[in-house]
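Structure, as structure tokens:
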Amino acid sequence: MTRYRTTTAAGVIAVFVLVLVFGSPPYGDWARDNANGTGALDLFLSVLTWPSWDFSADLPVRDVVAVMLRAILVVAFTALFLAALTAARSGSALAQLFIGWAAVVFAGAAAGLVTGIIQSDTSALAVFQLISSGATYGIFAGWIVGLATLRAPARR
């Protein structure tokens, strides 16, 4: 089955499922209620909610657009970075794992930058915090995308 999918397609499917499942309002509510301890698993489960596509009626329209766009941009930027990075792939499984992982780190940071500029609070600190949160999301969730891209061919 793996030989029929490309690295970019495998990574996009994996990050799309991550954003769809862990960015969903029910999971976000569950994580806020249950993953609020100080353990590593609690941190991991909380970070997975970052590209949430939940929106609240009491938020300004710019913030609702930014939240929804963040989830879309994580998937789109992951596709972009995977396509760019797989062209120079060395062929080893470890390199492919790190390429998939790095693509999500870069995508999270880039999505944080773009949505930070769009949000109503566009201070430099707020933008840097979003970039940091996006990169942290990529560090914690990117290995899953890296594993999903293992042994998928790089088609150009």
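Couple of notes before you dig in:
- Helix 7-22 axis versus longest C-alpha principal axis of the chain: approximately 30°, rounded to the nearest ten.
- Taking all protein chains as they are arranged and a probe of 1.4 Å, the heavy atoms of Arg32 leave approximately 140 Å² accessible to solvent.
- Accessible surface, 1.4 Å probe, highest first, among residues Leu130, Leu82: Leu130, Leu82
- Atom-type composition of the exposed protein surface of the chain places 71 percent of the accessible area on carbon and sulfur (1.4 angstrom probe).
- Label-to-label distance, Ala124 versus Phe98, with points set 7 angstrom from Cα along the beta-carbon direction: 3.3 nm.
- Segment 19-49-segment 114-142 distance, computed between alpha-carbon centres (Å): 18
- On the beta carbon distance between Trp30 and Trp53, with R0 = 22 Å, the FRET formula returns roughly 0.90.
- Relative to the longest principal axis of the Cα atoms of the chain, the long axis of helix 93-118 makes an angle of roughly 30 degrees.
- Normalised per residue, the accessible area of segment 34-156 is 50 Å², obtained with a 1.4 Å probe and no contribution from ligands, DNA or RNA.
- Over the chain, relative contact order from alpha-carbon pairs under 8 Å, at least 6 apart, %: 32
- Test item: Cα-centred dipole of the chain, Lys/Arg +1 and Asp/Glu -1 on Cβ, debye: 980
The values are calculated or read from the model by the stated rules, or taken from the named source; none is laboratory data. Please read these numbers as outputs of a predicted model, since none were measured by experiment. Every residue, glycine as well, gets a Cβ built from its backbone with ideal geometry; the counts of neighbours run over all protein chains shown. When the accessible area is computed, the model is the full protein with side chains, heavy atoms only, and any ligands, DNA or RNA have been set aside. Shrake-Rupley method; radii C 1.70, N 1.55, O 1.52, S 1.80 Å.
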